[in-house]
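Working notes, beginning with the structure itself.
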Amino acid sequence: MTAHIIDGIALSKQLRADVAKRATALRARGVVPGLAVVLVGENPASQVYVRNKVKACEDSGLHSVLERYPATLSEAELLARVDALNRDPAIHGILVQLPLPAHIDAHKVIEAISPAKDVDGFHVASAGALMVGQPGFWPCTPYGCMKMLESINYDLKGKHAVVIGRSNIVGKPMALMLLQKNATVTICHSGTQNLKALTLQADVVVAAVGKRNVLTADMVKPGAVVIDVGMNRNDEGKLCGDVDFDGVKEVAGWITPVPGGVGPMTITMLLVNTLEAAERG
Ligand code: NAP
């Protein structure tokens with residue numbers, strides 16, 4: 001058996017076309033959806049992410065502002081910039097690219113972003129809203145994973161979902177979103193004993209660890225849906241996920257590739273959140 005591929009690029013195209021349509025409708029009402037991306041320092045990976053986010057905005061008819069600061073920027077200066085963006089009516093979403101230099105308290109900076117503009121969904125108010133099932137911005141990566149499940153009309157009710165990883169930006173919100181859709185959810189982490197015994201019971205596995213081959217074919221129930229959030233490099237330096245794709249695709253029913261899976265969906269959901277922030281006014 002060879003799994004069906006859930007194509008994050010194709011799905012992103014569809015969703016981005018919808019974003020562009022809704023952005024045009026907003027513009028007709030005199031509102032230009034705007035995202036501010038703040039980058040502090042010279043982290044090469046962050047520079048690529050930020051460029052991709054800005055380009056995605058441009059391609060979808062969203063206004064974007066990229067603010068770049070040297071790594072020497074003080075925490076107080078960054079907080080002052082966030083405050084100014086909170087007040088700027090042309091900006092509907094604010095994203096401060098992580099990681100920040102060590103002398104800046106990232107938590108403090110995220111908490112300074114107005115929850116109404118927290119399109120990354122990292123503010124405690126956004127996390128709380130997800131927790132209690134109230135409207136708020138969902139973190140883009142797990143939100144993108146949910147859209148992937150939706151795209152294959154997968155009914156999560158009563159299904160066993162195993163999430164590997166419990167970070168605040170992926171694992172934990174992912175588990176809450178799956179729970180909200182009535183899955184029975186198990187959250188695994190570095191202290192989990194016998195991961196394989198758990199994943200073998202799973203109808204859905206989401207791997208969000210950051211280590212190659214965390215999930216191999218012998219750990220997957222035949223027909224399961226496997227979502228690979230991981231971003232790693234293999235021995236040849238090529239991008240790969242947490243899942244042994246070649247092996248697991250012979251057992252799973254559905255699988256997301258890396259690259260071309262969750263990655264593009266993450267940026268797409270940032271566009272969706274920014275548009276929604278603008279629509280909410
Ligand atoms: P993170 O903060 O480092 O969290 C990793 C999680 O994996 C932790 O909860 C850790 O457990 C758990 N873990 C580590 N080793 C494990 C093991 N052997 N078995 C089970 N669990 C284990 O990472 P993250 O920010 O969530 O990101 C995870 C991966 O997704 C990374 O590769 C990252 O680059 C990628 N990512 C991709 C996107 C995208 O757009 N595609 C977006 C975000 C992240 P403990 O809590 O016990 O330490």
Need one number: nm distance between label points at VAL31 and LYS108, each 7 Å from Cα along Cα→Cβ, rounded to one decimal.
3.4 nm
Counting only DSSP beta bridges fully inside segment 139-263, the antiparallel percentage to nearest 5 is 10 percent
Under the rule of at least 5 residues apart or a separate chain, name every residue whose amide H is placed under 5 Å from the amide H of LYS221.
ALA202
Kindly write out, for segment 214-228 in residue order, the coupling ³J(HN,Hα) from the Karplus curve 6.51 cos²θ - 1.76 cosθ + 1.60 (θ = phi - 60°), rounded to whole Hz, with x marking Gly and Pro.
5, 10, 10, 4, 6, 9, 10, 6, x, x, 5, 8, 10, 10, 10
Taking H placed 1.01 Å from N in the peptide plane, check which residues at least 5 places from VAL206 or on another chain put their amide H under 5 Å from its amide H.
VAL162, VAL163, ILE164, ILE227
Share of segment 202-277's accessible area from carbon and sulfur, percent, 1.4 Å?
52 percent
So if each residue of separation counts as 0.36 nm, and I subtract the Cα-Cα distance between ALA76 and LYS238, what length gain in nm does that give?
54.4 nm
Report ³J(HN,Hα) in whole Hz for each residue of segment 21-29, in order, from the Karplus equation J = 6.51 cos²θ - 1.76 cosθ + 1.60 where θ = phi - 60°; Gly and Pro get x.
5, 5, 5, 5, 5, 5, 4, 4, 8
About the Cα centre of the chain, how large is the charge dipole given +1 on each Lys and Arg Cβ and -1 on each Asp and Glu Cβ? Please answer in debye to the nearest 20.
460 debye
Zone of ARG87 (label point 7 Å along Cα→Cβ, backbone N under 20 Å): which residues in segment 97-140?
109-118
Can you give the helix-only mean residue ellipticity at 222 nm for the chain, where every DSSP H stretch with n ≥ 4 adds -39500 (n - 2.57) and the sum goes over all residues, rounded to the nearest 500 deg cm²/dmol?
-12500 deg cm²/dmol
5 Å is the cut-off here: which amide hydrogens, built 1.01 Å from N in the peptide plane, fall below it relative to ASN232, excluding neighbours closer than 5 in sequence?
CYS240, GLY241
Consider a paramagnetic label point 7 Å from the Cα of LYS21 along Cα→Cβ; state which residues of segment 41-72 have an amide N under 16 Å from it.
60-61
What distance in nm lies between label points placed 7 Å from Cα along the C-beta direction at GLN14 and LYS181?
1.3 nm
Based on the mean of other beta carbon atoms within 10 Å per residue, what is the order of 242-254, 16-28, most packed first?
242-254, 16-28
In a solvent-free Debye calculation with one equal scatterer on each Cα, what is log10 I(q)/I(0) for the chain at q = 0.07, 0.15 Å⁻¹, listed in the order of the q values?
-0.26, -1.15
Within segment 149-178, name every residue whose backbone N is under 20 Å away from a label modeled 7 Å from Cα of GLN134 along the Cβ vector.
173-174, 176-178
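The values are calculated or read from the model by the stated rules, or taken from the named source; none is laboratory data. Keep in mind that this is a model prediction, so the values were computed, not measured. Glycine also receives a Cβ, built like all others from the backbone with ideal geometry; neighbour counts cover every protein chain displayed. We work out accessible area using only protein heavy atoms, side chains counted, and drop any ligands, DNA or RNA first. Shrake-Rupley method; radii C 1.70, N 1.55, O 1.52, S 1.80 Å.
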